[in-house]
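All remarks here apply to the structure that follows.
The values are calculated or read from the model by the stated rules, or taken from the named source; none is laboratory data. Predicted model only: the values in this text are computed from it and were never measured. Cβ sites come from the backbone with ideal geometry, for glycine too, and all protein chains shown count toward neighbours. Accessible surface is based on the protein model in full, side chains and every heavy atom, while ligands, DNA and RNA are left aside. Shrake-Rupley method; radii C 1.70, N 1.55, O 1.52, S 1.80 Å.
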Amino acid sequence: MAHLIELRQVYKIYHMGDETVHALDGIDLTIDQGEFVAIVGQSGSGKSTAMNIIGCLDVPTSGTYHLGGVDVSTMQDDQQAEIRNKMLGFIFQQYNLIPKLNVLENVELPLLYAGMSSGERRERAMRSLERVGLASKCKNLPSQLSGGQQQRVSIARALAGDPSVILADEPTGALDSRTGREVLAFLKKLNQEGDTVVLITHDNSIAVQAKRIVRLQDGHIIYDGDASDPRAVVQPMESGSLSGGGTFSDEEVGA
C-alpha cells in the first residue's frame, strides 16, 4: 500500500547572493495514514521548508513528493492549490481568522473557495464546530473568543474539508501553557479518532506529545522514530551521529 506522504531524495536549495543554502539536503520521509508525527528542529534546521513542501506551498529543487499516491513535486501553483483544498487542513500559530467574519463564516471559508454549495458548507462547518465543542459560539466574532477558543476554531476550519492530513505549524506558540496543553490534547484526540496529524515545532516538550518524532538539523534527518525514545529529544551539537560525547544544554534535552 502506498504511503500517504512520501518524500524521496528531496533537496531544496536557495541561492542568496554568492551563498548556496541547502535548506533540505536529500531527505527521505514517509508518513502513513493515521500517524501523529512531530517534525522538530531549531531555526535553520529545515523544518519550515519541509512543512512548506508537505503542505504544497513550495516544490523541491529536486527529488519527488507523493501525496496520496500523486506526484505533486512538479505541479504548477493552481494544481497545488487544488490539492491543498482537497487533501490538507492547516492549523497556524496565529489562528489566521478573519476578524469581520463570525466563527461559522470563518470555518466555511475554505469550503467556499472549494466551490461547495451554501447548504453543504454550513452543514460541514457546524459539524466541525461540534467536534471542537464550539457550536454554541458559531455567531460570535473571533474577538469575542479566548485564544484557546480561536485556535479551536482554526482546528474546526482545518477539519471542515475532511482533509487527508492535518498540518499544524507551532499550534501552541501563541497560547499560555495551560491552553496549549488543551490544544495538544485535542490534536491527540483527533489522531485517536483516525486523523493523520503532522505537527511542526521547535519545542521538545511539544514534540513528545506525538507518537513519532522526525528531527531535522542542517537540512538532514538526524532522528526518526518513537517519541518516547530518549534519543528523540537530544540534539547533537554538530551534524552527524546520534551517539558519542558532547555537552547538551537544558533546552536541547527538553528540560
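Are there DSSP H segments in the chain that both extend 18 Å or more along their axis (alpha-carbon positions) and score a mean Kyte-Doolittle hydropathy of at least -0.5? List them, or say none. Working shown, then result.
Numbers: long enough: 118-131 (20 Å, -1.96); 147-160 (20 Å, -0.23); 177-192 (22 Å, -0.56).
Passing helices, by number: 147-160.
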Scattering curve values for the chain, log₁₀ I(q)/I(0), Debye with Cα scatterers, q = 0.09, 0.13 Å⁻¹: -0.41, -0.84
25 °C / 0.890 mPa s Stokes-Einstein diffusion coefficient of the stretch 121-177, Kirkwood radius on C-alpha pairs, µm²/s: 206 µm²/s
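Given a 1.4 angstrom probe, I'd like the percentage of the accessible area of the chain that is carbon and sulfur, rounded to a whole number.
Working: 5830 of 12190 Å².
Percent of accessible area from carbon and sulfur atoms in the chain: 48.
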Positive-pole candidate from Leu167, Leu112, Met16, dipole of the chain, charges at beta carbon: Leu112
Estimated FRET transfer efficiency when R0 is 30 angstrom, pair Ala185-Asn140 (beta carbons, to 0.05): 0.85
Radius 14 Å from Cβ of Asn140, net charge of other residues (Lys, Arg +1; Asp, Glu -1): +3
Extent along principal axes [Cα atoms of the stretch 1-125; Å; largest to smallest]: 50, 38, 28
Percent of C-alpha pairs per 5 Å bin, the stretch 121-216, short to long: 3, 13, 25, 24, 20, 11, 4, 2, 0
Rounded to the nearest 10 Å², the accessible area of His3 at probe 1.4 Å: 60 Å²
J(HN,Hα) series, the stretch 29-39, from Karplus relation 6.51 cos²θ - 1.76 cosθ + 1.60, nearest Hz, glycine and proline x: 8, 10, 9, 9, 3, x, 7, 10, 10, 9, 9
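What is the antiparallel percent of DSSP beta bridges lying wholly in the chain, to the nearest 5? Before the final figure, lay out the partial values.
Values: 23 of 40 bridges.
Beta bridges within the chain, antiparallel portion: roughly 60 percent.
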FRET efficiency estimate (nearest 0.05) - Cβ-Cβ, Leu112 to Ala174, R0 30 angstrom: 0.75
Nearest-0.05 FRET efficiency for Asp77 and His202, computed from C-beta distance (R0 25 Å): 0.30
When each of Lys137/Lys189; Lys86/Lys189; Lys47/Lys86; Lys47/Lys137 is checked by Cα-Cα distance, pairs over 27 Å: Lys47/Lys137
Rounded to whole Hz, the Karplus (6.51, -1.76, 1.60) HN-Hα couplings of the stretch 56-68, x for glycine and proline: 6, 9, 7, 10, x, 5, 8, x, 10, 9, 9, 10, x
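Rg/Rh for the stretch 172-212: what does it come to with C-alpha atoms and Rh from Kirkwood? All intermediate terms of the calculation are to be shown ahead of the outcome.
Working: Rg = 10.0 Å, Rh = 10.6 Å.
On the Cα set of the stretch 172-212, Rg over Rh gives 0.94.
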Dipole magnitude (debye, nearest 20) for the chain, charges at Cβ of Lys, Arg, Asp, Glu: 1180 debye
For the stretch 28-80, the fraction of alpha-carbon pairs in successive 5 Å shells from zero, as %: 4, 18, 27, 26, 16, 8, 1
